[in-house]
1. Mind checking the full-extension length gain between residue 4 and residue 29? Use 0.36 nm per residue of separation minus the Cα-Cα distance, one decimal, nm.
2. What does the charge add up to near residue 2, with Lys and Arg as +1, Asp and Glu as -1, over the other residues with Cβ less than 12 Å from its Cβ?
3. Report, in cubic angstrom per residue, the convex hull volume of the C-alpha atoms of the stretch 1-59.
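Nothing in this text is a laboratory measurement; each read-out follows from the coordinates by a stated rule. The model shown is predicted, which means the values in this text are computed figures rather than measured ones. We place every Cβ from the backbone using ideal geometry, glycine too, and count neighbours over all the protein chains shown.
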Amino acid sequence: MNNTTTNIKRLFDHLTTGKQFTAGEIKTQLKIANPTATVSDLRSYLTKKKAIVDVYTRKRKNSKGQSVTRYGLGMARGYRDMVAPFGVSTINQ
């Protein structure tokens with residue numbers, strides 16, 4: 001298992017806790033040098049495996065008014081569309 005694969009697995013495990021994390025939090029908590037590239041690699045991996053989950057971004061303003069991007073897991077778009085008529089919430093808020 002190479003370093004990229006290890007980082008993808010660690011990031012996925014981290015996101016499966018249901019929490020959302022910023023790139024800075026991923027960098028410090030998981031010791032991943034380039035979190036945004038690892039998120040991109042994870043998205044590609046999930047797409048290739050046809051997973052029902054995907055990595056989503058949520059842009060918010062912090063207390064200083066700066067834009068902050070948080071990453072979290074949610075149900076992939078095709079699956080969300082499929083269960084939406086039944087009132088099922090599929091993305092962690």
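1. The span from residue 4 to residue 29 would gain 7.4 nm if fully extended.
2. Spelling it out: positives minus negatives among the neighbours equals 0.
3. 85
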